[in-house]
Amino acid sequence: MALYKKIITSIVTLTLIACERKIFATAEIKPINNSGVSGKAVFKKVKEGVQLKLSIKGKGNTRIAAHIHEGNECDDIDGKKALGHWNPTEEAHGYWGKEEFHSGDLGNITIDKNGVGKHNMTDTLGRWTIGGATRTNITNRTIIIHSEADDGITQPSGAAGARVGCGSITERK
């Protein structure tokens, strides 16, 4: 009987582990106006909150900004279909975690001499969800890559320059 209970417990445990839903969203970043900027953003629900892993290919030896924008559509002409910065808390633009900032203020990415940049961060403040309430849901929005670094001061966009890359954020299962 004890062996039977162990087997049943093991089967139930393995079934629950196999059925656990991995919650994540992705965005394939494509060039705007033949900029040559491309990449991928992966958002994943983790114990601490929502994690972002962003990888970008572009012009070497540069520093560029990334933001989540309000719109859910990209275009390859000027990126205007992505609309403005995602700012559900109606705060001033700034750097993530510093006084006031937009929920879409992702920060700056350094592109190395080989044209590759990576940016990883985790929202531990509860500003992001994947498929959650409208105020926090990152899906059906866009990630915009800008041509210059974000100064963290200039309103409303950090003087980050032109939009050079865009990707629509979509929930994946």
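Is at least one residue of segment 112-122 of a type in the set (S, T, Y) and either over 15 Å from A160 (Cα atoms) or in a loop (DSSP other than H, G, I, E, B) (or both)?
Filtering segment 112-122 down to residues of a type in the set (S, T, Y) leaves 122.
The next check asks that each one be either over 15 Å from A160 (Cα atoms) or in a loop (DSSP other than H, G, I, E, B) (or both); those that pass are 122.
Yes, there is a match, as at least one residue in segment 112-122 is of a type in the set (S, T, Y) and either over 15 Å from A160 (Cα atoms) or in a loop (DSSP other than H, G, I, E, B) (or both).
Taking the criterion of being in contact with a strand residue (DSSP E or B) (Cβ under 9 Å, 6 or more places away or on another chain), under 14 Å from G39 (Cβ atoms) and part of a loop (DSSP other than H, G, I, E, B), would at least one residue in segment 150-162 satisfy it?
Taking every residue of segment 150-162 in turn, none turns out to be in contact with a strand residue (DSSP E or B) (Cβ under 9 Å, 6 or more places away or on another chain), under 14 Å from G39 (Cβ atoms) and part of a loop (DSSP other than H, G, I, E, B).
What's the total number of residues in segment 44-72 that are within 15 Å of the chain's Cα centre (by Cα) and acidic (D, E)?
1
One line per residue, one yes/no per condition, for (1) among the β-branched types (V, I, T); (2) modelled with pLDDT of 95 or more:
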site: M1; (1), (2): no, no
site: V12; (1), (2): yes, no
site: A18; (1), (2): no, no
site: I23; (1), (2): yes, no
site: A27; (1), (2): no, yes
site: P31; (1), (2): no, yes
site: N34; (1), (2): no, no
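Restricting the first residue to segment 110-133 and requiring it to be over 13 Å from V37 (Cα atoms) and of a type in the set (K, R), which pairs with a second residue that is at pLDDT 95 or above and assigned to a loop (DSSP other than H, G, I, E, B) meet a Cβ separation below 8 Å and a spacing of at least six or different chains?
From segment 110-133, the pairs are R127/T136.
Could you please tell me which pairs satisfy a Cβ distance under 7 Å, a separation of 6+ or placement on different chains, a first residue in segment 85-98 that is over 17 Å from T134 (Cα atoms), and a second residue that is assigned to a loop (DSSP other than H, G, I, E, B) and among the small types (G, A, S)?
H93/S157; H93/G158; G94/G152; Y95/G152
The values are calculated or read from the model by the stated rules, or taken from the named source; none is laboratory data. Here the structure is a predicted model, which means the values were calculated and not measured. Methodologically, a virtual Cβ is constructed for each residue, glycine included, from the backbone with ideal geometry; neighbour enumeration extends over all protein chains shown.
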